[in-house]
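As structure tokens, the structure follows; a few thoughts come after it.
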Amino acid sequence: MTADDTTQHSTKGSYVHEGEAFERDMTYIPTRITRDGRDGYEVEAHRYRLIAARACPWANRTLIVRRLLGLEEAISVGMPGPTHDARSWTFDLDEGGKDPVLGIERLQEAYFQRFPDYERGITVPAIVDTRDGKVVTNDFDQITRDFSSEWTEFHRDGAPNLWPAEHAEEMEALLHFILHRVNNGVYKCGFAGTQEAYEEAYDELWDALDVLDERLSARRYLMGRSITEADVRLFVTLVRFDPVYHGHFKANRQTIRSMENLSGYLADLFQTPGFGDTVDFQQIKDHYYIVQEDVNPTQIVPKGPTMEWLLEPHGRDRFETNTWGDGGTAPLPPLESETVAQENTPLEITHR
């Protein structure tokens, strides 16, 4: 990455607003892809393309759920590079700098194709209709819910139930807690525009992590014996914590590695097919440290930390376990085209 590259991708002034606490714009395109097509978009194999940057935690969750459910053949994926400028995520990792299916250089082209005057952020994940090149939705919360509930016809044999009905009420409350206190909590620390806002966010984040650490002292996964989407949503923040949020966002009371239960829990999930093998640590660091110039003006990307500890024995199998639920099985290895570069992960990843 040259000096010219880092200048080109700068988004200085986009993240931290002096004198203000960080508030995420949670208004997304509400269109859904459903079996009955009630919003004009019916579930159909090979029609839609998921755009999901490996660097982004909100997009990472869609990659994990798509993989766990076996939707890779039904829903193709395009992966923007880790860095972008103020306009849009770009397909700079693809040959010619264009997505090979959509034929576009910038994700904003798909947004503007449907909404010419779209004024909100050009975010990932997003789903694009390959028939007309128009964005369908960027509602990260609903996308994975619908992968589970609306795309069942295309689930693989042995796909886990990530939304068990018996845990529905408790799980929704937990997801709300994780979203506001952890997933977005790290950003409230990193993008705080005042000392007071930072300290308040810091305390809320660590209070929440302590609660989750205690919860995981008596169960293998957040909802008990089996993996659910709650684990997916917490994992994507935890796996970025030590290499990014601890230093870059000043969430530095301690590392996840040093926590009594969250450390083993994270290592356990990282070693689970469909989780760790979707994580590209170099892309993650490049994104945060280069793009977020408000937080890191030098745009220097740290070499560390080493993440090999995620491969160590975790001891979580001491708990009662039914990892994939009744009738569930582990997903297949990733497609060759979707395999993380070996130099960017401590895992030895084999592909199909």
### Query
Out of (1) out of contact with any Asp or Glu (no Cβ under 7 Å at 6 or more places or on another chain); (2) over 21 Å from E229 (Cα atoms), the odd one out for Y48 is which?
(1)
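Can you say whether G193 is under 30 Å from A21 (Cα atoms) and under 18 Å from the mean Cα position of the chain (by Cα), as far as the supplied structure shows?
Answer is no for this residue.
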#### Entry: Search result, residues across the range 42-59 that are part of a loop (DSSP other than H, G, I, E, B) and crowded, with 19+ Cβ neighbours inside 10 Å
V43, A52, A53, R54, A55, C56
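Quick one: which helices (runs of 4 or more DSSP H) lie wholly within the range 137-234 and hold at least 3 residues that are under 30 Å from R32 (Cβ atoms), among the polar types (S, T, N, Q) and modelled with pLDDT of 95 or more?
So the answer is 140-149.
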### Message
Which numbered condition in (1) surrounded by 14 or more Cβ atoms within 10 Å (Cβ to Cβ); (2) in contact with an Asp or Glu (Cβ under 9 Å, 6 or more places away or on another chain); (3) at pLDDT 95 or above is the only one that G96 fails?
### Response
(1)
### Query
Out of all the residues in the range 167-204, which are in contact with a Phe, Trp or Tyr (Cβ under 9 Å, 6 or more places away or on another chain) and aliphatic (A, V, I, L, M)?
M171, V186, A192, A197, A201
### Message
If I filter the range 291-309 down to residues being part of a helix (DSSP H, G or I) and more than 18 Å from the chain's Cα centre (by Cα), which single residue comes out as nearest to Y265 (Cα to Cα)?
### Response
W309
### Message
Can you find, within the range 236-257, the residue that is surrounded by the fewest Cβ atoms within 10 Å (Cβ to Cβ) among those that are of a type outside the set (V, I, T) and more than 20 Å from E204 (Cβ to Cβ)?
### Response
R257
### Task
Evaluate the range 283-293: report whether one residue or more is farther than 30 Å from Q195 by Cβ, modelled with pLDDT of 95 or more and surrounded by 20 or more Cβ atoms within 10 Å (Cβ to Cβ).
yes
### Query
Regarding E119, is this residue of a type outside the set (S, T, N, Q), under 26 Å from M26 (Cα atoms) and free of Cβ contacts under 8 Å to residues at least 40 places away in the same chain?
yes
#### Entry: Selection within the range 76-90 - part of a loop (DSSP other than H, G, I, E, B), surrounded by fewer than 23 Cβ atoms within 10 Å (Cβ to Cβ), in contact with a helix residue (DSSP H, G or I) (Cβ under 8 Å, 6 or more places away or on another chain) and not hydroxyl-bearing (S, T, Y)
G81, D85, R87
### Query
Of all residues in the range 247-290, how many are aromatic (F, W, Y), within 14 Å of the chain's Cα centre (by Cα) and under 15 Å from D231 (Cβ atoms)?
2
### Task
Would you please name the residue that is surrounded by the fewest Cβ atoms within 10 Å (Cβ to Cβ), looking only at residues in the range 310-352 that are in contact with a helix residue (DSSP H, G or I) (Cβ under 6 Å, 6 or more places away or on another chain) and not in a loop (DSSP other than H, G, I, E, B)?
N344
### Query
Residue check: is A110 in contact with a helix residue (DSSP H, G or I) (Cβ under 7 Å, 6 or more places away or on another chain) and hydrophobic (A, V, I, L, M, F, W, C)?
no
### Task
Could you check how many residues of the range 17-41 are surrounded by 17 or more Cβ atoms within 10 Å (Cβ to Cβ), of a type in the set (A, V, I, L, M, F, W, C) and in contact with a helix residue (DSSP H, G or I) (Cβ under 8 Å, 6 or more places away or on another chain)?
2
### Query
Considering the range 259-274 alone, what residues qualify as being crowded, with 23+ Cβ neighbours inside 10 Å and part of a loop (DSSP other than H, G, I, E, B)?
G274
### Query
Before we move on, is R352 farther than 30 Å from T194 by Cα, outside the structural domain of R215 (by TED's automatic domain parsing) and of a type in the set (D, E, K, R)?
yes
### Task
Please indicate, with yes or no, whether at least one residue in the range 121-135 is buried (at least 17 other Cβ atoms within 10 Å of the Cβ) and touching a Gly at 6+ places or on another chain (Cβ under 7 Å).
no
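The values are calculated or read from the model by the stated rules, or taken from the named source; none is laboratory data. Here the structure is a predicted model, which means the values were calculated and not measured. Ideal geometry is used to build each Cβ from the backbone, glycine not excepted, and the neighbour counts take in all protein chains shown.
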